[in-house]
1. Taking the stated definitions as given, is THR72 touching a Gly at 6+ places or on another chain (Cβ under 9 Å) and polar (S, T, N, Q)?
2. Which pairs do you get when a residue that is within 20 Å of MET47 (Cα to Cα), found in the range 75-103, comes within reach of a residue that is open to solvent by 100 Å² or more (accessible area, probe 1.4 Å) and of a type in the set (A, V, I, L, M), reach meaning Cβ atoms under 6 angstrom, with the pair 6+ apart or on two chains?
3. Hey, could you check the range 42-63 for residues that are open to solvent by less than 90 Å² (accessible area, probe 1.4 Å) and not hydrophobic (A, V, I, L, M, F, W, C) and say which is modelled with the lowest pLDDT?
4. Of the residues in the range 1-51, how many are β-branched (Val, Ile, Thr), out of contact with any Leu (no Cβ under 8 Å at 6 or more places or on another chain) and in contact (Cβ under 8 Å) with a residue 24 or more places away in the chain?
5. If I go through the range 1-41 residue by residue, how many of them are surrounded by 12 or more Cβ atoms within 10 Å (Cβ to Cβ) and of a type in the set (S, T, N, Q)?
6. Quick one: how many residues across the range 1-42 are touching a Ser or Thr at 6+ places or on another chain (Cβ under 7 Å) and either in a helix (DSSP H, G or I) or basic (Lys, Arg) (or both)?
7. Quick one: how many residues across the range 72-87 are open to solvent by less than 50 Å² (accessible area, probe 1.4 Å) and either part of a helix (DSSP H, G or I) or more than 30 Å from TYR6 (Cα to Cα) (or both)?
Amino acid sequence: MRLVLYSEKTVTQCLTAINARMHVKETSTRPALDGWVEKGGAFSIIMTAPVVGNFKRRTALTAEVERQAGITVIQGSVPSGVSRDGQAVIFIALALVALAMMG
């Protein structure tokens, strides 16, 4: 998924705010964020959240902040992962492997 955000802040202010948010402690309603910020404007925010049981999903937003015509533009992307049809195929394959191992 691609995203474009606009801000009136400068590039430095945006990167400082992103960096400050990554250092906020985790709470029950706000997951911990990890990542990196470059002075040139590139950054990545990574979040890990439980899916089912002990399985966790790691999602990373990678973006770049730049100034265009007096407005700060943040352009980034987040991998969308496997589609619902792809997930069904994976679960069926896992079930077949489990049956083969039991047999």
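The values are calculated or read from the model by the stated rules, or taken from the named source; none is laboratory data. Keep in mind that this is a model prediction, so the values were computed, not measured. Cβ coordinates were reconstructed from backbone atoms using ideal geometry, including for glycine residues, and neighbour counts include every protein chain displayed. With ligands, DNA and RNA removed, areas are computed over all heavy atoms of the protein, side chains included. Shrake-Rupley method; radii C 1.70, N 1.55, O 1.52, S 1.80 Å.
1. Values: touching a Gly at 6+ places or on another chain (Cβ under 9 Å): no; polar (S, T, N, Q): yes.
For THR72, the condition - touching a Gly at 6+ places or on another chain (Cβ under 9 Å) and polar (S, T, N, Q) - is not met.
2. Every condition considered, the pairs that remain are VAL78/MET1; SER80/MET1.
3. Taking the range 42-63 as the starting set, the residues that turn out to be open to solvent by less than 90 Å² (accessible area, probe 1.4 Å) are 42-49, 53, 59-63.
Add one more test, that the residue is not hydrophobic (A, V, I, L, M, F, W, C), and what stays is 44, 48, 53, 59, 62.
Numbers: SER44: 94, THR48: 87, GLY53: 82, THR59: 89, THR62: 94.
Looking at residues that are open to solvent by less than 90 Å² (accessible area, probe 1.4 Å) and not hydrophobic (A, V, I, L, M, F, W, C), I get GLY53.
4. Step one: list which residues in the range 1-51 are β-branched (Val, Ile, Thr), which gives 4, 10-12, 16, 18, 24, 27, 29, 37, 45-46, 48, 51.
Filter again for out of contact with any Leu (no Cβ under 8 Å at 6 or more places or on another chain), leaving 4, 10-12, 16, 18, 27, 29, 48, 51.
From what is left, the residues that are in contact (Cβ under 8 Å) with a residue 24 or more places away in the chain are 4, 10-11, 18.
Final tally of qualifying residues: 4.
5. Final tally of qualifying residues: 6.
6. Of the residues in that region, 4 qualify.
7. Looking only at the range 72-87, we keep the residues that are open to solvent by less than 50 Å² (accessible area, probe 1.4 Å), and these are 72-74, 76-78, 86.
Now drop any that are not either part of a helix (DSSP H, G or I) or more than 30 Å from TYR6 (Cα to Cα) (or both), which leaves 86.
Qualifying residue count, the range 72-87: 1.
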